[in-house]
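Colleague: Please find one structure pasted underneath; my questions will follow.
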Amino acid sequence: MAAQQNLQRGKCESESAKNYLQRHRVMTYLEDAMVQLLIKKDENGKTKPFWFLADYFKRVVSGNHVSLREYVFITATPYNQKCFIKLFWDSYKNIAETGQVMTCLEYYSLLRLLCHDFPQDMVHTVSMVIFLDASSDNLASFSDFVYAFQVCFYFKDFLQKCSEEYYYITSSLSLRTKSSPIVVPTSESLLKETVSCHSLDGDSKGDSLQDNVDPKLFWVSIQHLLVDKSPYTSLPNSSTVQAAIFCQETISYYNFINALVRDDAVSEEIGVLPPRNAIIPKH
């Protein structure tokens with residue numbers, strides 16, 4: 001009996017340890033440290049492993065470990081994403097202080113200096129959020145760009161799922177006849193009965209994300225996304241998301257993100273950038 005209890009206790013402790021390591025993404029950093037050590041060893045045979053590892057984790061703690069790293073690494077953990085946002089801010093905050101405006105294409109070039117394979121579609125999304133226009137010629141202040149960027153970047157997985165739900169709604173509703181009544185569901189299960197499973201072709205997806213829908217319909221469709229407690233996904237506060245959706249009588253996908261960007265509570269939740277009112281251009 002005692003042996004069985006000890007086995008059960010050991011199993012519980014083992015599961016707790018596994019959850020702890022997973023929650024802090026420890027294995028992500030250990031595996032990356034090993035890869036970087038082997039690369040360094042090939043470049044310099046005199047590399048001392050323990051000194052290298054000590055320096056590696058010192059950089060992780062300071063947040064400098066994301067500089068000049070691949071996109072897959074800077075987005076590997078929420079901590080890495082925060083560190084990259086801070087790196088971007090620290091590297092170019094003088095632009096905000098001078099009050100200079102730049103095109104989104106120029107901001108994309110700055111991002112590429114810090115991460116060589118940073119995807120342009122992220123900047124495309126930021127442009128749509130700020131201007132509702134993906135033109136690379138639009139001029140934006142650094143503060144406008146960086147606050148929109150941090151939301152799109154830090155919550156990218158959540159927002160991607162939101163866009164899929166939103167596209168499902170708009171593409172389905174667009175195929176209804178004008179005489180067909182649209183019933184706003186009160187639960188996620190009723191949502192699937194309200195909209196059909198039809199879809200538009202890929203070229204129409206960008207336009208559908210600019211279409212306005214009833215906020216209740218959108219809220220019901222994404223509520224299940226907010227209960228995901230995975231350590232791999234960064235989620236905004238549920239009440240904040242709800243407030244962003246219901247801030248207008250009708251809402252589009254990009255208006256929704258714009259409302260998140262304008263909410264100071266979201267920036268405080270991410271905890272990287274200074275308060276918006278603290279950024280005062282020098283004249």
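The values are calculated or read from the model by the stated rules, or taken from the named source; none is laboratory data. Since the model is a prediction, treat every value here as computed from it, not as a measurement. Here the Cβ positions follow ideal geometry from the backbone for every residue, glycine too, while neighbour counts run over all protein chains shown. For accessibility, only protein heavy atoms count, side chains too; no ligands or nucleic acids. Shrake-Rupley method; radii C 1.70, N 1.55, O 1.52, S 1.80 Å.
Colleague: For region 265-274, enumerate the residues that are open to solvent by 50 Å² or more (accessible area, probe 1.4 Å) and either on the phi < 0 side of the Ramachandran plot or without any contact (Cβ under 8 Å) to a residue 40 or more places away in the chain (or both). Break it down stepwise before answering.
Modeller: Pass one, region 265-274, residues open to solvent by 50 Å² or more (accessible area, probe 1.4 Å): 268-269, 271.
Of everything in region 265-274, those that are open to solvent by 50 Å² or more (accessible area, probe 1.4 Å) and either on the phi < 0 side of the Ramachandran plot or without any contact (Cβ under 8 Å) to a residue 40 or more places away in the chain (or both) turn out to be 268, 269.
Colleague: Kindly establish whether residue 107 is within 21 Å of the chain's Cα centre (by Cα), buried (at least 18 other Cβ atoms within 10 Å of the Cβ) and modelled with pLDDT under 95. Walk me through how you get there before you give the answer.
Modeller: Numbers: within 21 Å of the chain's Cα centre (by Cα): yes; buried (at least 18 other Cβ atoms within 10 Å of the Cβ): yes; modelled with pLDDT under 95: no.
No; evaluated as a whole, the condition is false for this residue.
Colleague: On to the next question. Taking the stated definitions as given, is residue 203 modelled with pLDDT under 65 and open to solvent by 50 Å² or more (accessible area, probe 1.4 Å)? Please lay out each step first, then the result.
Modeller: Values: modelled with pLDDT under 65: yes; open to solvent by 50 Å² or more (accessible area, probe 1.4 Å): yes.
Here the answer is yes, as residue 203 does meet what is asked.
Colleague: Within region 50-78, which residues are surrounded by 17 or more Cβ atoms within 10 Å (Cβ to Cβ), closer than 26 Å to residue 155 by Cα and of a type in the set (Ser, Thr, Tyr)?
Modeller: Within region 50-78, 75, 77 qualify.
Colleague: Are any of the residues in region 181-191 assigned to a helix (DSSP H, G or I), open to solvent by 10 Å² or more (accessible area, probe 1.4 Å), at pLDDT below 80 and among the hydroxyl-bearing types (Ser, Thr, Tyr)?
Modeller: Taking region 181-191 first, the residues assigned to a helix (DSSP H, G or I) are 188-191.
Retained after the next criterion (residues that are open to solvent by 10 Å² or more (accessible area, probe 1.4 Å)): 188-190.
Narrowing further to those that are at pLDDT below 80: 188-190.
When the remaining residues are screened for being among the hydroxyl-bearing types (Ser, Thr, Tyr), the result is 189.
Yes, the conditions are met somewhere in region 181-191.
Colleague: In region 118-142, which residues are buried (at least 19 other Cβ atoms within 10 Å of the Cβ) and either within 21 Å of residue 262 (Cα to Cα) or among the acidic types (Asp, Glu) (or both)?
Modeller: So in region 118-142, the residues buried (at least 19 other Cβ atoms within 10 Å of the Cβ) come out as 118, 123, 125-130, 140, 142.
Within region 118-142, 123, 125, 126, 127, 128, 129, 130, 140, 142 meet the criteria.
Colleague: Collect the residues in region 217-264 that are loosely packed, with under 13 Cβ neighbours inside 10 Å and more than 30 Å from residue 24 (Cα to Cα), keeping them in residue-number order.
Modeller: 249, 250
Colleague: Look through region 13-49, keep the residues that are assigned to a loop (DSSP other than H, G, I, E, B) and over 26 Å from residue 75 (Cα atoms), and return whichever of them is least open to solvent (accessible area, probe 1.4 Å).
Modeller: From region 13-49, those assigned to a loop (DSSP other than H, G, I, E, B) are 24-25, 44-48; that's our starting set.
Within this subset, residues satisfying the condition of being over 26 Å from residue 75 (Cα atoms) are 44-48.
Values: 44: 68, 45: 72, 46: 175, 47: 33, 48: 110 Å².
Selected residue: 47.
Colleague: From 240, 250, grab the single residue that is more than 22 Å from residue 227 (Cα to Cα) and of a type in the set (Ser, Thr, Tyr). First the steps, then the outcome.
Modeller: Working: 240 fails: more than 22 Å from residue 227 (Cα to Cα).
250 is the lone residue from the list that is more than 22 Å from residue 227 (Cα to Cα) and of a type in the set (Ser, Thr, Tyr).
Colleague: Still on this structure: Residue by residue through region 71-82, note down the ones that are over 15 Å from residue 108 (Cα atoms) and either part of a helix (DSSP H, G or I) or in contact with a Gly (Cβ under 8 Å, 6 or more places away or on another chain) (or both). Reasoning before the result, please.
Modeller: At the first step, the residues of region 71-82 found to be over 15 Å from residue 108 (Cα atoms) are 72-82.
Once the filter is applied, which keeps residues that are over 15 Å from residue 108 (Cα atoms) and either part of a helix (DSSP H, G or I) or in contact with a Gly (Cβ under 8 Å, 6 or more places away or on another chain) (or both), region 71-82 yields 72, 73, 74, 78, 79, 80, 81, 82.
Colleague: Pairs under 6 Å by beta carbon, first residue over 13 Å from residue 165 (Cβ atoms) in region 208-219, partner among the small types (Gly, Ala, Ser) and part of a loop (DSSP other than H, G, I, E, B), six or more apart or different chains?
Modeller: Pairs that qualify, where the first residue is over 13 Å from residue 165 (Cβ atoms) and the partner is among the small types (Gly, Ala, Ser) and part of a loop (DSSP other than H, G, I, E, B), are 210/252; 212/252.
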